[in-house]
Each structure stands twice: as structure tokens, then as C-alpha cells.
1. At R0 = 30 Å, how high is the FRET efficiency between SER244 and LEU179 if r is their beta carbon distance? Nearest 0.05 is fine.
2. Let me know the longest stretch in the chain that avoids all trypsin sites (Lys or Arg not before Pro) found in a DSSP loop with at most 15 other C-beta atoms within 10 Å.
3. Only Cα pairs within less than 10 Å get springs; with that Gaussian network setup on the chain, which residue of PRO35, PRO111, PRO224 has the largest fluctuation?
4. How large is the helix-only mean residue ellipticity at 222 nm for the chain, computed as the sum of -39500 (n - 2.57) over DSSP H runs with n ≥ 4, divided by its residue count, in deg cm²/dmol to the nearest 500?
5. Taking the solvent-accessible surface of protein heavy atoms with a 1.4 Å probe, what is the per residue accessible area of the chain in Å²?
6. Taking all protein chains together and a probe of 1.4 Å, list ASP235, ASP36 from the most accessible to the least accessible.
7. When DSSP assigns beta bridges and you keep just the ones with both residues in the chain, what percent turn out antiparallel, to the nearest 5?
8. Let me know the charge dipole size of segment 165-227 about its Cα centre in debye, to the nearest 20, where only the beta-carbon of Lys, Arg (+1) and Asp, Glu (-1) is charged.
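The values are calculated or read from the model by the stated rules, or taken from the named source; none is laboratory data. What you see is a predicted model, and the numbers here were worked out from it, not measured in a lab. Cβ placement follows ideal geometry from the backbone for every residue including glycine, while neighbour counts extend to all protein chains displayed. Protein only, heavy atoms only, side chains kept; ligands, DNA and RNA dropped before computing areas. Shrake-Rupley method; radii C 1.70, N 1.55, O 1.52, S 1.80 Å.
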Amino acid sequence: MSNRRNFLAYSLLFLGSCTFVKTTKHQSDIGGNRPDKLRFAVTDINGLDELEQDFGAFRQALAELLEIPIEFYPVENYSAAAPALLANELDLAFAGPSEYLILRARAEAVPLVGITRPGYYSVIMARTNSGIETLAELKGKTIAMRTEGSTAGHIVPTKLLMDAGLSAKGDFDVVMLDLDSLPALLNGEVDAWADSSTRYVELVQNQGLANTEIKVLAQGENLPPDVFMANPGLDKGFIEELRSKILNNKDSLMAALLASEANQKYRESRIIAAQDIDYQTLRDMYYAIGQASAIE
């Protein structure tokens, strides 16, 4: 959380120390100015080698489609992407729904297209022998969650607990344990565990623990798509051209994305148009659980 609290300060410092450089541009197909190159970040990948391995085929396919060179721009985390957007050092970013809300708030990032995540939702689990059958029975209990600000592993589960009548301020304790959550639940160190459906399948169902040692108390609805977004400083005509070309070539670009083993979570996904209103329900959740400062 400390990263987010210092987010605006970092952004202002970054802006104060940067000199803006105009790049040579030429006309787009629909009248806008096209940059000579684009710099592309994936907010949860901070190394060039991993970026190339996971998104190299997609980057190349998009570059050929646009006839513009695309360079990877590694960022340490989603927090670092906002100053880079503000400083015009980053043109395109790919992030999850919560990260989009942050980049929208901090840098006015423009949503281009989303990648749907069928079957991707939040799950809250308990031990089968715990005697706990409902979320309401987690009052006074300790719940393991993934990481601060995780869409599926923190924000949505907290809202599910509140919808069950629990207060996020005092009715239950939360510990952020990430991959240590399942061992902690099995060992009785926590009373419940909240995470994504994909983690549930990977760590529980695939290990034969479902309905024997671990049971599902509740699950949320499908989460909003992951999103490709653009720097608002890009020409508006070019942004529209970019969105249009991606949507018109979505099948080939999806195939390029799936060329990496790391992206097989998208094998049932589709590329669709994205707009800010698609993320309003998630934004409302942040406000409802008292986390508004994270997206303002």
C-alpha cells in the first residue's frame, strides 16, 4: 500500500525531472498524426527477457499491422507505469482491471481494447472440516488474500464479504499471503482464503483437494477484461486508428498472444472494444470497501 500512497508524489517528481521531446510524426490512415515508434509495457512484467518471451510474438504482429516499430518498455510494477505515461515515455500498456483504474486516475490512460477472461472470478474457500458454511460465519475470523489491490484476490472478495453483512473494518482480519495462502489454510493458520478461480483450479482442483480438504463458500461474477490502453498524449485520430486495426485483426493478434505458454490463460478469451464505463462496477467496489484513495 505504501507504493500507492506515494504514487502521486513519485509522479510529480518524475514530471519535474523530465524534459518532453516531440517525436517526428506522419499522417495516419484517418487523418491523425502517427508516431515513428511506440513503447509498450506490460505492468506485471519488469524484465526485457520475460517481455520478449511472453509478448514478443504479439509485439511483432502489432508492429507489422501498424507498420510502426514497437519497443518494449519494462516497468518495475504498475505504479511505475503512470509516471512513464505522464512523461510521454510510454505509449501503450497492458494491465489488469484494477491496474487500469489506477492508470486511468493517475495518467488518464485511454482504454483501447479488452481481453475477456471467461471463468475468471473471485472465490472464497474454507477447510471442509472447519464447520464454516457461509461468509457470514467468517465474522471474527482471519482470511488470507493474495496481495493489496489484487482484483480477484482482494478487492472483489472484500466486497463479497461486505455483501454478506460483514464490515471490512473490524468484522474480520486479512493477511496478504499470496502463494502461501493455501498452506496457511490447510495448516489452520487462517480460517478462509480468497483468490481467483484460476488459482483455485491450479492449486486446489488440480491437486485433488476440492471437496475433500477445501470447499468453496462463495464466488463472484466474471471480472472485467484485462485492457490495452494508450497514452492520452497520442493523437486522437491515431488512437482511433489503433483501436480499429486491433479489432479488425483480432484473430491474428489473439493467435500471436497465445504463441506464448505464459498466456494460455487467454485461450478462451476474445479481443473486444473497451471503454471506461466497463470498469465502473469495479471502481464502485473500491469506494464501497474504503479503498477509494487507491484509484484517485
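1. On the way: r = 40 Å, r/R0 = 1.33.
In this case the efficiency is close to 0.15.
2. Values: sites that count: LYS22, LYS37, LYS139, LYS169, ARG267, ARG270.
So the longest stretch without any such site is 38-138.
3. PRO35
4. Values: 11 runs with 102 residues, N = 296.
Computed ellipticity for the chain at 222 nm equals -10000 deg cm²/dmol.
5. Working: 13800 Å² over 296 residues.
That works out to 47 Å² per residue.
6. On the way: ASP235 45, ASP36 70 Å².
Largest accessible area first, the list is ASP36, ASP235.
7. Numbers: 24 of 37 bridges.
Approximately 65 percent, going by the DSSP bridge assignments.
8. Numbers: 3 positive and 11 negative charges, 32 e Å.
So the magnitude is around 160 debye.
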